[in-house]
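The values are calculated or read from the model by the stated rules, or taken from the named source; none is laboratory data. Since the structure is predicted, the reported quantities are computational estimates derived from the model, not experimental observations. Here Cβ is always computed from backbone atoms with ideal geometry, including for glycine, and neighbour counts include all displayed protein chains. Calculation scope for accessible area: heavy atoms of the full protein, side chains included, ligands and nucleic acids excluded. Shrake-Rupley method; radii C 1.70, N 1.55, O 1.52, S 1.80 Å.
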Amino acid sequence: METPTPHTKAEALTARLAQAIEQGGLPAGSRLRSVRDAAAKEGLGVNTVVEAYNRLVARGYAEARPGSGFYVRRLARSRTAAAPSHVSEAVDVVSLLREQLEQHYEVRVGDGRPPASWMEGSDIARQLKLARGSDAPDPGHGYGSPWGFAPLRDTVARLLNERAIHVHARQVLLTQGANHALDLIVRHLLEPGDTVLVDSPGYYPLFGKLKLAKVKLLGVPRLPDGPDLGVLEALLRAHRPRVFFTQSLAHNPTGGSLSLPKAHKLLQLAAEHDCLVVEDDPFADLQPAGAPRLAALDQLERVIYVSSFSKTLSAGLRVGYIAGPAQHIGALCDLKMVTIVSTSDFVERVVHQLVTTGQYRRHLNRLKARLSEAFLPATRALTRAGVQVQPADPAGYYLWAALPRGLSELALARQAAKAGIFLAPGSVFFPERRADVAAVRVNVAYANDPRFLRFLAAAVKAAR
């Protein structure tokens, strides 16, 4: 067990006092104990108490009066009974992304990631601390190469070769996660007015990037085994799109994975109609090495491949990568230099250390086991609650649950928000924001929460 540091002791005292102030135990205007009295009562050092009091001041709970001490401030209260923005905007695209970052809700069924405990319960947290210690490679004080930390690029190339995507490290560019990779690709390949194809439903942050670029989005219906090839072919013929953005494996939000026959036919259609394919594979390390990947079948002639460590390792370690034809990767590196100069050499060294010491592989094995244990119970529980679950890849994070007729997904999301439950309504995942959709994306890790299941079953029953 780790010995608490003065900083952690100060934070614990700050949290207790802040809670007492919020609950009225320490009324506005009252004087906090003197520093020496508080130190004696709490068994803490004087400096630790001073730090705690200063944190209360910084957070607006207290004020310091020179020569007199610290006093409780009157907390600002809203004068209206309006619902918080995270409730009133529970069905909005931006608020869905904001909620995954700010986390207002206790029950997080609509989240895009597993709970932190699934990550921190492994050896990863300990290894991150070790990586920050004296044994970590010295990152120096420069920007680092715009291509990214060279040993990690070599490691990524090796991982890609294990997935039958035969590349050299010169074809790999490190990025700040998959979102940054997609942003660079959009900037590089597209001009305002261009037409692109996207999965429908699909990855909604990508839609936002494309709309910012003033690009026309056309949705290709996503089926359990991949894109609807009939619709794909018709759109390719009619609109001559520049790019098709798709996620082959453990698709977000439906959970399905591309079948091998569809993968072959998709690449044939792309070649016939001179369309590039951007394949997003953020869950690559949870999937079998031989799973159908467009990049492996195409060998990066027409496919640009994107993946990330952020979804499987830690959201705080923003490390992703792009692999593709050398001419595209070189241009993307130039664009990366123009926009952000370089990515974090230190963070890339940490990821490299975790991968090459075997810690990442052990972490993945635990994560896979947790997903496997949660998948079938989640599917059965949702079915018992009265929703229809689309077939999904058990090595992914998501289930796509179709709601029964008469149950509005938007109304359900709003009701859930008021009950402290975060849902991801299906319409958010369509480029055209379809109003006729009645579905929710469910994170497997949270699907068995009894509060959510009781809420869902009651809503389904009331709609019948």
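Structure summary
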read-out	value
Counted residues, region 409-430 - those being open to solvent by less than 40 Å² (accessible area, probe 1.4 Å), under 21 Å from residue 450 (Cβ atoms) and not in a helix (DSSP H, G or I)	5
Verdict on residue 383 being over 17 Å from residue 444 (Cα atoms) and of a type outside the set (Lys, Arg)	no
Among residues of region 387-407, those that are among the aliphatic types (A, V, I, L, M) and more than 30 Å from residue 365 (Cβ to Cβ), counted	4
Candidates 366, 433, 370 - the one that is of a type outside the set (S, T, N, Q) and either part of a loop (DSSP other than H, G, I, E, B) or over 21 Å from residue 291 (Cβ atoms) (or both)	433
Failed condition for residue 229, given (1) open to solvent by 20 Å² or more (accessible area, probe 1.4 Å); (2) aliphatic (A, V, I, L, M); (3) touching a strand residue (DSSP E or B) at 6+ places or on another chain (Cβ under 8 Å)	(3)
Unique match (being part of a loop (DSSP other than H, G, I, E, B), open to solvent by 30 Å² or more (accessible area, probe 1.4 Å), among the small types (Gly, Ala, Ser) and free of Cβ contacts under 8 Å to residues at least 12 places away in the same chain) among 316, 406	316
Selection within region 178-205 - small (Gly, Ala, Ser) and crowded, with 22+ Cβ neighbours inside 10 Å	178, 181, 202
Residue match in region 149-165 (condition: over 27 Å from residue 204 (Cα atoms), over 20 Å from the mean Cα position of the chain (by Cα) and modelled with pLDDT under 65)	no
Failed criterion for residue 37 (all others in (1) open to solvent by 70 Å² or more (accessible area, probe 1.4 Å); (2) in a loop (DSSP other than H, G, I, E, B); (3) at pLDDT 90 or above; (4) not aromatic (Phe, Trp, Tyr) hold)	(2)
Residue among 220, 167, 186, 196 that alone is in a strand (DSSP E or B) and farther than 20 Å from residue 261 by Cβ	196
Residue in region 449-457 that is of a type outside the set (A, V, I, L, M), touching a residue at least 60 places away in the same chain (Cβ under 8 Å), in contact with a helix residue (DSSP H, G or I) (Cβ under 8 Å, 6 or more places away or on another chain) and open to solvent by 40 Å² or more (accessible area, probe 1.4 Å) present	no
Residues of region 376-403 that turn out to be under 14 Å from residue 456 (Cα atoms) and assigned to a helix (DSSP H, G or I), as a count	8
